[in-house]
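Notes to accompany the following structure.
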Amino acid sequence: MNITRILAPNPGPFTGDGTNTYVVATGGEAVIIDPGPMIDAHLAAIREAVEGLKVVGVLVTHHHLDHAPAANPLAGELGVPSYGYGDYGGFQAISAIADGDGVRVGTEVIEVLHTPGHTADSLCFAVSDGVFTGDTIKAGTTVVVEDMSAYMATLDRLAALAPTRIYPGHGDVIEDGPGVIDDYITHRRRREADVVAALAGGPRSTEDIVASVYPGLDPALRPLATQSATAHLAKLREESRVERTGVGWALR
């Protein structure tokens, strides 16, 4: 099996150096994972990477604009299905796939894992000793989370899978999959403890909690920090550990 990483030229504060597109080839066949945005130079690089191979599908980890837009046009051009969660967030895959499904490419079967948390439609793709994680895990940074309860369950599932390699949606290939997954879990548990500690002195607003948990935060990053703190608070509320008050939030 040969895996080629193609970096899209879309660097930015949320994409790092750019979005990773992967071509997984075996037995003369290939699939394309996360073809990314509609950038001519990037599409040309993908076409070059699959030259001489029979492409059997285009897989999408989630609907975000740095991962999904080129999927259906490229699939149509190649005469193959796009595979994704389904109709969600403005992206509708040609063929919906679900947890436990398999996509055959050459001599391998790529296992579909529904891994919500970053988004509700997030998928990971496991094959051999590796897993393609989209934005569920990135290299060198944490991720923005919509649903913290679901995300922690996803991390536990990936920890049990114990992939040797992680092929993230952004950043370099991760060679210590179990170690990085453990780091992610530890980070989120510590952040949750920080949120609880911020409420130890009494009820506080979300804004006050963010200021306590993220001291010295760059104002440009405040919206992301607020989303993260809110996701932690929602998880704690589901667990009956915090409650809403007139001020904002309080321990129960």
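Readers should treat all values here as calculations from the given coordinates under stated rules, not as data from a laboratory. Everything numeric in this text was worked out from a predicted model, so none of it was measured. Positions of Cβ are generated from backbone atoms using ideal geometry, with glycine treated the same way; all protein chains shown enter the neighbour counts.
Spin-label model, Thr4/Val109: points 7 Å from Cα along the beta carbon direction are separated by 2.7 nm.
Taking the Cα centre of the stretch 2-175 as origin and assigning +1 to Lys and Arg Cβ atoms and -1 to Asp and Glu Cβ atoms, the resulting dipole is close to 180 debye. Only Lys, Arg, Asp and Glu carry charge here, each on its Cβ (+1 for the first two, -1 for the last two); on that basis the stretch 199-251 has a dipole of about 80 debye about its Cα centre. For the stretch 126-235, averaging the sequence separation of C-alpha pairs within contact (under 8 Å, six or more residues apart) and dividing by the residue count gives a relative contact order of 29 percent. Of the peptides 125-133, 92-100, the ranking by mean beta-carbon count within 10 Å, highest at the top, reads 125-133, 92-100.
Solvent-free Debye calculation, one equal scatterer per alpha-carbon of the stretch 19-91: log10 I(q)/I(0) at 0.15, 0.18 Å⁻¹ equals -0.42, -0.61.
Membrane-span-like helices in the chain (whole DSSP H runs, Cα extent of at least 15 Å along the helix axis, mean Kyte-Doolittle hydropathy of at least -1.0): 148-161, 177-198, 222-238. By DSSP, the beta bridges lying fully in the stretch 1-90 are antiparallel in about 65 percent of cases.
Across the chain, C-alpha contacts under 8 Å between residues 6 or more apart give a mean separation that, scaled by the residue count, equals a relative contact order of 12 percent.
If you look at the Cα atoms of the chain, you get an Rg and a Dmax of 19.4, 65 Å. Ranking Gly27, Ala41, Thr154 by how far each Cα lies toward the positive end of the dipole of the stretch 2-175 (charges on Cβ) leaves Gly27 at the top. Cβ crowding within 10 Å ranks Ser205, Ser149, Ser228 as Ser205, Ser149, Ser228, fewest other Cβ atoms first. Extension gain, Asp172 to Ser205: 0.36 nm times the residue separation minus the Cα-Cα distance gives 8.1 nm.
Computed over the stretch 100-239, the quotient of the alpha carbon radius of gyration and 2.2 N^0.38 Å is 1.15.
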